[in-house]
Every structure is written in structure tokens, then in C-alpha cells.
Amino acid sequence: MFSLDEKVVYPGHGVAKINRIVEKSLAGRVEKFFELTFLNQDMTILVPMSNVASTGIRKLSSTQNIDSIFALLTEPARVCHDTVMANWNKRNKEYQCKLRTGDLREICKIYRDLNLIAKHKELSFGEKNLLNQTETLLVEEISIVKRLAEDQTIKELRACFIPPHIVMQAAKSL
């Protein structure tokens, strides 16, 4: 289970801190709740302790898992031309389902796919928003786990999509 002051991931919203355990009377019985305060949003929610598993709240990823995320980002995406040109509504439904799981690898795949699609066509408003949302979720967790500034984490994430020959040229100019 979780403990007070622990940082956890709430699917689709990001990293939150467990501030306290609150007891409330509901329908004649007392229920315990975790009070979660999000780190990068002005939002606090109560999550019933009895429903923690069904909400998808999870511990922060390990350093090894974060390293595997960067490896996943550098792998060639498996998005085919049909997917790039496919109906945004259909892709968005799939992406939203993956986001709700809170699984960092799935969020990473969405981020990678959208970056690849952006190389082939201009992203729609919804795609841009989803790209920003996935980047924010990745940056929050990676920054905390690796103890990096968020701007440094953003640079590292985005560098995964820069062609190697450009990285080499930039390194030579330094």
C-alpha cells in the first residue's frame, strides 16, 4: 500500500503526494480516503482506500524502468502510413484508453507515435494537446525519479527524436 508523504502517479493526471488520510462518513459507514495533492496542478482529490487498485494509482517508476523508457523512445516506432493517415477519432480512443492505465510505457508509446506522425504531417489541435499531455506526464515522473530539472528532462526526451547526424553536428560546434 502507500504511506503518508509518498509520491504516487494518478493515471492521466500525473504525480501527486499523499498528504493525509481522511475519514468520512458515507451512507452510515466510515470510509478512509487518501488525500492526494498534485505537484504540477492546483488540484486535490480524495481517493477511497478501498478503491486504490481500481483507480490505477501506482508507485513512481524505478530508475531501471525510466532507462527502459528512453530505450523505447529511441526504437523505431511501429506506426505505419495507414496509422498516420487514420482517423484521429479512432486513434484518440486508443490513446485515451492507454492514458487511463497510467502505464508509463504506454504513455511513452503515445508520445513516440505522435512525434513520428508530426514528422509526416502537421498535428491537429487534439494531437498537439495529447502530445503536450503525454510529454508533461513523462517529464513529471522522470524528473522526480532521476532527480533532474524538468527543463533538462524535456531536452532529453526531445533529443530522442533528433536525427543522429544533427546531434553529432551540434556536439562538434560546442
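For the stretch 13-51, what are the residues that are free of Cβ contacts under 8 Å to residues at least 12 places away in the same chain and closer than 30 Å to Val139 by Cβ? Asp42, Asn51, listed by residue number. Scanning the stretch 120-140 for residues that are of a type in the set (Ser, Thr, Tyr), within 23 Å of Leu39 (Cα to Cα) and surrounded by fewer than 19 Cβ atoms within 10 Å (Cβ to Cβ) yields a single hit, Thr136.
Out of the residues in the stretch 103-119 that are surrounded by 19 or more Cβ atoms within 10 Å (Cβ to Cβ) and among the hydrophobic types (A, V, I, L, M, F, W, C), state the one that is farthest from Asp67 (Cα to Cα). Across the stretch 103-119, the extreme among qualifying residues is Ile117.
Taken as a whole, the stretch 101-112 holds at least one residue that is modelled with pLDDT under 90 and hydroxyl-bearing (Ser, Thr, Tyr). The set of residues in the stretch 1-35 that are surrounded by 17 or more Cβ atoms within 10 Å (Cβ to Cβ) and of a type in the set (A, V, I, L, M, F, W, C) comprises Phe2, Val8, Val9, Val15, Ala16, Ile18, Phe33, Phe34.
The values are calculated or read from the model by the stated rules, or taken from the named source; none is laboratory data. All values reported here derive from a predicted model rather than from experimental measurement. We place every Cβ from the backbone using ideal geometry, glycine too, and count neighbours over all the protein chains shown.
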